[in-house]
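Heads up: the structure comes next, in structure tokens.
The values are calculated or read from the model by the stated rules, or taken from the named source; none is laboratory data. Everything numeric in this text was worked out from a predicted model, so none of it was measured. Glycine also receives a Cβ, built like all others from the backbone with ideal geometry; neighbour counts cover every protein chain displayed.
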């Protein structure tokens, strides 16, 4: 069996084991099945939601805000990282600002986003943009800082300018680490967009569905089924980004495997 097949089998076994443990905990453990439905019931509801004409548009709304904010964060953060790395004095001046702003949670900015933007989608995108920007920016800055100085000096010694060194050495070396930052930011952005929908989504998106499923007496099975969908979105996004990284940066993957 190939290495990829082995990883898939182990992942599937891990998921199956988690489902079995959750099923046993609700049916024979301390949890009341009325409060915490069995895993089999939750999975059945999740499958049913796949054909729900009202739920799928909510998922699409969450994906639009999530991917829109992530794309803007990627473009802005990589560009800013390049600018800061090329201007050391600006990098030193901005470092304190970055470290001050980075710990501010996106959810604390919900009131500001609601006031600043006319639509809920724009508010969600702005918060995803805020939360996703920091992992990408930090990874880009550290990656550019750790580019092999010998490679850069070698290129300069042959008469290449700053732009050529950036395009031929710095960017190729930093790109895999910036891509890792995007993958981390994707998970962070998904958490932020669903949380924003829970607190201020006006019934929109997956988070709005989770909130509405608890109103009117509550449907914990539907709520957990919606949460399963949020988890599935995260798994799919991570798998796609990992596959894109391996395809785009094959040379980096080969070096990593060789070092391991």
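Residues being part of a helix (DSSP H, G or I), touching a helix residue (DSSP H, G or I) at 6+ places or on another chain (Cβ under 7 Å) and over 12 Å from residue 177 (Cβ atoms): count how many of those fall in segment 117-136.
12
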Could you list all residues from segment 68-88 that are in contact (Cβ under 8 Å) with a residue 60 or more places away in the chain and buried (at least 19 other Cβ atoms within 10 Å of the Cβ)? 68, 69, 70, 73, 74, 77, 78, 81, 85
May I ask you to verify whether residue 182 is in contact (Cβ under 8 Å) with a residue 12 or more places away in the chain, within 13 Å of the chain's Cα centre (by Cα) and over 20 Å from residue 90 (Cα atoms)? yes
Quick check on my filter: what residues within segment 174-201 are under 15 Å from residue 107 (Cβ atoms), modelled with pLDDT under 85 and assigned to a helix (DSSP H, G or I)? 199, 200
Cβ-Cβ under 6 Å, sequence separation 6+ or interchain: first residue in segment 46-67 and buried (at least 20 other Cβ atoms within 10 Å of the Cβ), partner outside any helix (DSSP H, G or I). Which pairs? 61/204
For segment 93-107, does any single residue satisfy the condition of being at pLDDT 90 or above, assigned to a helix (DSSP H, G or I), within 21 Å of residue 207 (Cβ to Cβ) and under 19 Å from the mean Cα position of the chain (by Cα)? yes
Filter segment 26-43 for residues that are in contact (Cβ under 8 Å) with a residue 40 or more places away in the chain and not in a loop (DSSP other than H, G, I, E, B); which is surrounded by the most Cβ atoms within 10 Å (Cβ to Cβ)? 42
Output the residue which, of all residues in segment 202-260 that are crowded, with 16+ Cβ neighbours inside 10 Å and outside any helix (DSSP H, G or I), is modelled with the lowest pLDDT. 249
Pick from segment 147-173, criterion outside any helix (DSSP H, G or I) and in contact with a helix residue (DSSP H, G or I) (Cβ under 8 Å, 6 or more places away or on another chain), ranking: surrounded by the fewest Cβ atoms within 10 Å (Cβ to Cβ): 148
